[in-house]
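Coordinate-derived values only; no laboratory data. Worth saying up front: this structure is predicted, and the values here are computed from it rather than measured. Positions of Cβ are generated from backbone atoms using ideal geometry, with glycine treated the same way; all protein chains shown enter the neighbour counts.
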């Protein structure tokens, strides 16, 4: 594991990354037994965050600015997923777990978030700054699908395409659920890929729980020369704990001791459910 | 800027061209400076011509405008955000607070047409809450210049300081009330008239109004002091307390809601330690009726006539 932490970007082994994701899920479930957390949304985004930080070359000793670019967790309520993943990479000094959203001082992220619809604009500013600096830094913004209800996301989408910010990558955690139910019931997003294409973005769809596929997708996005890229990562809210999957009740949850034990059992039994 | 002030003849000038020159100077000096606009580039005229790569028009999208500014500033850029004040303040309030001010980033917001400056364009374009909104954000300096000279001072000061700042600019032409050769004091304000038994604390268009009142009162032998504030936050609390110690009446004159403006700051500074008559001339707690800027100011008693009559009222109540 230690060897993998010092590996160049994208060269950690499949197994070590799968171990980080599995460990992050256990850590998250343990945390959920001590306080209410946004559990479902964190479980759905864990594999995405593992792939993003690996692809950007996260150095746990200097998590603030990964080697190849910056990360913004625009769906800031998944902060416990973020903490759990960063801890799995060996990052120390994570914020007080009472912090319910990433702060500007939180390791691993370029900006504090919490109010939805802010991250893509900030990412566009980071990407523009990288271009002005003449560099090749990327900005990766992880968005929730429910978050796409916010109009500011689409302001940013228009801006990034107009200015051809090819170094900007949005990853949509497409788990299909928002707080009150299915996204398609609350405010329909489909046809989502067509929307992004119409806004001038390169669109790549991927299995958001297949680490290897996600990393290939990110490299494809990083290679774009003129278009910003959105990765629509198809995920399952509550992923890894069958009784939580697809259930909005676990959007924000404080687990009972029984639920906690059952969740750990499910995670322990689940490796074969994880895509290789 | 070169402004010729003919003796006895009021001179008017728009703030925007003067500030555009200041921004160009700043861009010449600081290669990290970037100017953002929202489908309006009058303030960036010089930067656009001489440093086109460092002017970005974000379009009519204020929330994204401020988010992009946040990203640029986080990457080490000094950023100037130019927009119409009402849309900047109300559409991008959350981005201003969360993404820029909470992080203490080096972003200067320049809001055109704060207060009642857009007059007959109506309530959607009035923004009598802009100063109070920005003043409510920790780490954020707030400027309300009176004329084009003051606007240049304000923008230079805003850009020089660390952290976020807001500068309210006029939408049209403003009367020149400052002497460009006077030393500027962002922290303490400029005492343009020494007080006799009364002091007016004024900002923005209120400065010219207070000066008019002072000049007319001088003809009757009465001396109204005028303290002109370019920066309304930080508020020069100690200077006001010192000046007020020698006067019986303090008035404030501003084109801003009474809540959150210099009237509130002055009252807070003086409360508990000063005894005298206190009056405010500010926008009332309602939505402005139809009218041009002058009519709206009169509606809210923000005129020299009302300042003079307010002094008479306080004389009468002094009993």
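Quick notes on this structure:
- Some residue of the stretch A:195-216 being under 17 Å from the mean Cα position of the chain (by Cα), over 20 Å from residue A:77 (Cα atoms) and assigned to a loop (DSSP other than H, G, I, E, B): yes
- Of all residues making up the stretch A:105-140, the number that are more than 7 Å from chain B (Cβ to nearest Cβ), part of a helix (DSSP H, G or I) and crowded, with 24+ Cβ neighbours inside 10 Å: 3
- Counted residues, the stretch B:108-143 - those being touching a strand residue (DSSP E or B) at 6+ places or on another chain (Cβ under 7 Å) and closer than 18 Å to residue B:90 by Cβ: 18
- If the condition is being out of contact with any helix residue (DSSP H, G or I) (no Cβ under 8 Å at 6 or more places or on another chain) and in contact (Cβ under 8 Å) with a residue 24 or more places away in the chain, then the stretch A:227-252 contributes A:234, A:246.
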